[in-house]
Amino acid sequence: MDSSGEFKLEAVDKSYVTAMLKSEYSPTDLVIKYDATPKFSGTAETDVVWQEGAKGLDDDAEGMAWCDDPVSGYKCDQQVIRIRGNGNDDPSITCHEMGHAVGLLHGGSAYPALPSEDSRLGCMIAHGYSGDLGS
């Protein structure tokens with residue numbers, strides 16, 4: 001996890017993200033580590049970069065995740081998660097966007113497909129996020 005520059009997360013935002021990662025993703029195989037010296041290009045880039053800001057977000061989006069450095073096919077060297085900010089760093093939104101960063105999809109796009117509001121999707125439901133990944 002890291003943030004830097006124009007889109008840097010403040011200390012309180014980092015604490016929200018860290019708490020969500022520990023709560024929801026610790027039971028998974030995901031290795032959670034804060035990178036104090038992140039790399040944004042070249043080899044061994046920081047895997048997930050967290051940002052705060054509205055630039056590039058649709059008006060109705062609280063956040064988004066995207067592959068910043070595709071390697072090939074479905075492989076990505078670095079994911080970026082941008083959260084709108086202004087109090088939107090709550091666990092349901094950060095959990096949802098982290099889910100996209102690790103490859104989780106909304107229900108209709110998943111296999112097997114589920115209704116987009118199915119509670120089994122946890123924080124990956126399409127609207128009215130649950131704060132729980134279900135891990």
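Considering only segment 18-41, state which residues are modelled with pLDDT of 85 or more and of a type in the set (Val, Ile, Thr). Matches in segment 18-41: 18, 28, 31, 32.
Counting only residues that are in a loop (DSSP other than H, G, I, E, B) and of a type in the set (Lys, Arg), which one in segment 46-87 is farthest from residue 30 (Cα to Cα)? Out of the qualifying residues, it is 55. Checking each residue in segment 67-103 for being of a type in the set (A, V, I, L, M), at pLDDT below 90 and surrounded by 15 or more Cβ atoms within 10 Å (Cβ to Cβ) picks out only 93. How many of the residues in segment 93-112 are of a type outside the set (A, V, I, L, M) and within 18 Å of residue 30 (Cα to Cα)? Number of matching residues: 7. When residue 44 is tested against the conditions (1) in contact with a Leu (Cβ under 8 Å, 6 or more places away or on another chain); (2) small (Gly, Ala, Ser); (3) modelled with pLDDT under 85, the lone failure is (1).
Pairs linking a residue in segment 15-44 that is assigned to a loop (DSSP other than H, G, I, E, B) to a residue that is surrounded by 12 or more Cβ atoms within 10 Å (Cβ to Cβ) and among the acidic types (Asp, Glu), with Cβ atoms under 6 Å and 6 or more positions apart or on different chains, are 35/2; 38/2; 39/45.
So for segment 49-66 (the condition being surrounded by 11 or more Cβ atoms within 10 Å (Cβ to Cβ), closer than 14 Å to residue 95 by Cβ, touching a strand residue (DSSP E or B) at 6+ places or on another chain (Cβ under 8 Å) and of a type in the set (D, E, K, R)), does at least one residue qualify? Yes, some residue in segment 49-66 is surrounded by 11 or more Cβ atoms within 10 Å (Cβ to Cβ), closer than 14 Å to residue 95 by Cβ, touching a strand residue (DSSP E or B) at 6+ places or on another chain (Cβ under 8 Å) and of a type in the set (D, E, K, R).
The values are calculated or read from the model by the stated rules, or taken from the named source; none is laboratory data. Quick caveat, the model's predicted, so the values are computed rather than measured. In this analysis, Cβ positions are derived from the backbone assuming ideal geometry, glycine residues included, and neighbour counts consider all displayed protein chains.
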